[in-house]
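To keep things clear, I will list the structure first and then write my remarks on it.
The values are calculated or read from the model by the stated rules, or taken from the named source; none is laboratory data. The structure displayed is predicted, hence computed values, not measured ones. Note: ideal-geometry Cβ built from the backbone for every residue, glycine included; neighbour counts use all protein chains shown. Keep in mind that these areas ignore ligands, DNA and RNA; they rest on the heavy atoms of the full protein, side chains included. Shrake-Rupley method; radii C 1.70, N 1.55, O 1.52, S 1.80 Å.
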Amino acid sequence: MTKYEDNKEKTEIGSHTSIENAESITSDDGSTVQGHSLQRGLKARHIQMIALGGTIGTGLFMASGKAIVNGGPGGALVAYSLVGVLVFCVMMSLGEMAAYIPVAGSFAHFATRFADPSLGFCVGWVYWANWAVGVAVELTGVAMMMEYWVKSVNSVVWSVICLVILVAINVFSVKGYGEVEYWVSLVKIVVVIIFIIVGICVDTGAAGGVKYGVSNFHLPGGAFPNGFLGVFNVFITAAFSFNGVEIVGITAGESANPHKTVPSAVKQVFVRIVLFYILSILVIGLVIPYTNTELLNGSSDISVSPFTLVFQKAGAEWAADMMNAVIVITMISAGNSGVYSSSRTLLALAEDGYAPRIFKRVNKWGIPLWSVLATCAIGCLAFLTSLFGSGVVFNWLTCLTSLAGLITWVAISITHVRFRQGFIAQGRALTSLPYVAPFFPFCDMFVIIIGTIIIFGQGYTSFIAPITATGVISTYIGLILALVLYLGHKIWKRPSFVKNVDMDFETGTVKETVIDARDDGFDEHGNKIPLWKRIVNKFINIIA
């Protein structure tokens, strides 16, 4: 007869470091057997790539064409820039908390700990559902993309193969997840850089033989053909494109040196947003006119993806095949991130008492196996709903989680405001934080205000005649889910808001004395790295 007890412990950083929230087993004779726990197996290069790999995906490769049509070249540029600033503000806030307290579950745990337990319960389950259903979306997407090449094989076969790959990656070691994301992100970065270079060549006439210049900005209607509403309509598309950037906060719980890698990843997010997203949208707007209605089909037909169209204008007839291959890899990567982030979120929910205790168990490889399997099982069930009843249930599931990203971002900013207030109220110095988010509290206020406006305003078209109950509910069901979870927990458990004096700023912190604080000029063995290699590494860190 045994019972399980939470063992919140501080640990050292090493090659096989186990971290907080381990589970111990206490027997009747009073002896304690230490259970397995998460391992800090993600290195700096993994975290840096994941920070970018979580954002470059189908939202940019395929849905960006829809943004150009809805907002025009100028409107899309403004919307992506504004959402990019919003995302950077979120990352700075999350980075401050995650670098100081690098725990599994990250923002859901922080919300419970520093703001309101009901908020932590709400955002944790919303975020878990978002990625669990997201796994099903990627399984469906892979099947659709493979049909572009092979039509003789049942699409379900490709989805099953993809699911097996995702399970295999995530059940053995966190390093497997890190390595996959590292190399897939590298492929995506190379594709985007090549696309920007080729796009500039096409626009100037160096490739393709036609000089476009800024002519598309002077078409009838100008750069903003649909006015303010056109820009507003792009906000949701842009938010979808950036969805997943917050995963770097979750990886902090398994980072080998979170005090260093998390701030580094956060600082580089802004450069990456400008370099990859803003320039990509600019190139598409310069080369492809917003009047090209084929762009509307880019989210479902790779042959008319804006990336494919630009490459084809440069004379690359094989562009569709190349982009289809990139999209397949990207979807597998997104599914991989979905399994990882949702399983760690479920682990954190269990540790906070919001999910069954079985999900707290971690195997000898440092993997929350039951959380991984449960997430994959739910993702598989959600995928099966797409095969029956014309996909009606599946469509409702995707609507259910459509606002999860924005809700999470707003919750992170609310939590950070409370984190900083409590930190200062307890007489703690900001200099003790590994990373201090600048412009507090203006960045948080910006995210909360703009995020809330987008959340409530994104479904305004459902209130334009003819108004249907199904249309309104399907648009706002994600918000309804969040409110039901929050209010339900608040009414059932009646938790109070966390007071400044009651905030815990000690549990889960990693002391500087045990951090591997070697300078960048030395390798892991303490040997000095040659100057040329340090320069190359610095350049790679900036762009990747």
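Sub-9 Å Cβ pairs linking a first residue in the range 242-256 that is in contact (Cβ under 8 Å) with a residue 40 or more places away in the chain and closer than 21 Å to Gly57 by Cβ to a second residue that is among the basic types (Lys, Arg) and buried (at least 24 other Cβ atoms within 10 Å of the Cβ), at least 6 apart or interchain, are Ile250/Arg344; Thr251/Arg344, ordered by first then second residue.
Here Thr308 passes the criteria (1) in contact (Cβ under 8 Å) with a residue 40 or more places away in the chain; (2) open to solvent by less than 20 Å² (accessible area, probe 1.4 Å); (3) closer than 30 Å to Ser402 by Cα except the one numbered (1). Within the option set Ala132, Ala111, Ala136, Ala115, being modelled with pLDDT under 90 and over 14 Å from the mean Cα position of the chain (by Cα) holds for one residue only, Ala136. Hey, among the residues in the range 216-272 that are part of a loop (DSSP other than H, G, I, E, B) and among the aliphatic types (A, V, I, L, M), which one's least open to solvent (accessible area, probe 1.4 Å)? Within the range 216-272, the match that is least open to solvent (accessible area, probe 1.4 Å) is Val245.
Listed by position, the helices (runs of 4 or more DSSP H) enclosed by the range 315-407 that each have at least 3 residues that are modelled with pLDDT of 85 or more and closer than 16 Å to Ala136 by Cβ are 319-351, 369-385. State which residue is nearest to the chain's Cα centre (by Cα) when the search covers only the range 179-206 and only residues that are under 18 Å from Ala265 (Cα atoms) and of a type in the set (Ser, Thr, Tyr). Checking each candidate, the answer is Ser185. Within the range 56-104, track down each residue that is among the β-branched types (Val, Ile, Thr), in contact with a Phe, Trp or Tyr (Cβ under 7 Å, 6 or more places away or on another chain) and not in a helix (DSSP H, G or I). Correct list: Ile56 only. Among the residues of the range 174-208, those that are open to solvent by 10 Å² or more (accessible area, probe 1.4 Å), more than 30 Å from Ser343 (Cβ to Cβ) and in contact (Cβ under 8 Å) with a residue 24 or more places away in the chain comprise Ile193, Ile196, Val198, Ile200, Cys201, Asp203, Ala207, Gly208.
Only one of (1) touching a residue at least 24 places away in the same chain (Cβ under 8 Å); (2) buried (at least 20 other Cβ atoms within 10 Å of the Cβ) is not met by Phe359, so which one is it? Against the list (1) touching a residue at least 24 places away in the same chain (Cβ under 8 Å); (2) buried (at least 20 other Cβ atoms within 10 Å of the Cβ), Phe359 comes up short only on (1).
For the range 452-466, the condition holds for at least one residue, the condition being that it is touching a helix residue (DSSP H, G or I) at 6+ places or on another chain (Cβ under 6 Å), among the hydrophobic types (A, V, I, L, M, F, W, C) and either crowded, with 17+ Cβ neighbours inside 10 Å or in contact (Cβ under 8 Å) with a residue 40 or more places away in the chain (or both).
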